[in-house]
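Asker: Can you keep this structure in mind? I'll have questions shortly.
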Amino acid sequence: MIESGRNNIYIKRDDLLPFSFGGNKARKAFDFLEDLTKKKANFIVTYGSSSSNHCRIIANVAKSIGLPCLIITPEESFKPTFNSKLMKCFGAEFVFSSYDKIHDTIEDTISKLKDEGYNPYFIMGGGHGNIGTNAYVKCFDEILQYETDNKLHFDYIFHASGTGTTQAGLVCGKLINNSQTNIVGISIARKNPYGSDVIIQSVQDYLEFKKYIFSQEDIKKNIHFIDSYTSTGYGKSNKQIANTIQQVMSDYGIPLDETYTGKAYYGMKQYIQSNNLCNKNILFIHTGGTPLFFDFLNDGGE
Ligand SMILES: *Cc1c(COP(=O)(O)O)cnc(C)c1O
């Protein structure tokens, strides 16, 4: 617990998961690693921007098990970051593509590798899909265990929501376990209705895959995807977000970043205020991104 007073705020430190600076992409990567080992893949291909935590971790996984790794990346937004430098360190190679050709580039890259005799394994951007969702169903189980062990109940869980995979996993965990927690994803870029629709689809895909039956209504009423704190878009920050990052580092020694967790933490505080939440147990899931904290410092800390 880091704060008490009007509400008790707890942080689940997924940023401390023990691989490549942790984060939700590390949690997902453990499951992708299991799957690709089972499928005897010998080449990893994924997609993401130069600031992607997902691509850093996948490049690290590939290197650690001795597999080559290609990262398909949009050329328009490419700029060197600590994450992209790490990807290079791990020997991953970039395949640049314009935004409108990404889909074709992915298809072409995979079929070329197959022609060359490889068994490539493709991981969607951000680790989207049932495997990524399942990683956060398991995270929800850990939260339930913590509640039992500490005899408390979280009224709310907040976290940064991007592709919505993390949120979909948490919501599936909530539905499967019939928990009463409110899960609130703070969007870091997407707007509604698209942002919510993708999560609903991911939840349905996962529940169907696991043969659970829930009504469309049950699913919909559990999706709280808040798009009021996206600033001006993906990776775009503002003064309030920068102040939040400085304050949380100063007060608690916990690094946040401008793209994901800083935005989400700021959004959570605003949400608590505008909804007058009081005497609640609130859990913030720190989804990682520590290298982006250093990009924030490099850029002048504001
Ligand atoms: C990718 C990422 C997110 C968003 O996760 P999704 O599952 O794509 O919604 C949040 N925080 C950090 C630090 C991330 O790297």
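Asker: Which residue fluctuates the most in the chain, going by a Gaussian network model with Cα springs under 10 Å, if the choices are PRO120, PRO68, PRO18?
Answerer: So, out of PRO120, PRO68, PRO18, the one fluctuating most is PRO18.
Asker: How tilted is helix 239-252 with respect to the longest principal axis of the chain? Cα atoms for both, answer in degrees (0 to 90, nearest 10).
Answerer: 80
Asker: I would also like to ask the following. How far is helix 102-115 tilted, in degrees, relative to the longest principal axis of the Cα atoms in the chain, given as a value from 0 to 90 rounded to the nearest 10?
Answerer: Here the helix axis deviates by roughly 50 degrees.
Asker: Taking the 0 to 90 degree range and rounding to the nearest ten, how far is the long axis of helix 165-177 tilted relative to the main principal axis of the chain, both from C-alpha atoms?
Answerer: Its long axis makes an angle of about 50 degrees.
Asker: Please figure out what share of the DSSP beta bridges in the chain is antiparallel and state it in percent, rounded to the nearest 5. Mind dumping the intermediate values first?
Answerer: Values: 1 of 32 bridges.
Restricted to the chain, the bridges split so that about 5 percent are antiparallel.
Asker: Apply the a/c threshold of 1.5 to the C-alpha gyration tensor of region 169-302 and tell me whether it is rounded, prolate or oblate.
Answerer: It is prolate, given that a/c is not under 1.5 and a/b is the larger ratio.
Asker: Which part of region 1-21 falls in the paramagnetic zone of SER228, meaning amide N under 20 Å from the point 7 Å along Cα-to-beta-carbon?
Answerer: In region 1-21, the label zone of SER228 (backbone N under 20 Å from the point 7 Å along Cα→Cβ) covers 6-9.
Asker: For the chain, what is the relative contact order in percent, using Cα pairs closer than 8 Å and at least 6 residues apart in sequence?
Answerer: Worked out over the chain, it gives 23 percent.
A short reminder: the numbers here are calculations on the coordinates, not readings from a lab. Here the structure is a predicted model, which is why all the values come from computation and not from measurement. When we count neighbours, we look across all protein chains shown, and the Cβ atoms used for this are built from the backbone with ideal geometry, even at glycine.
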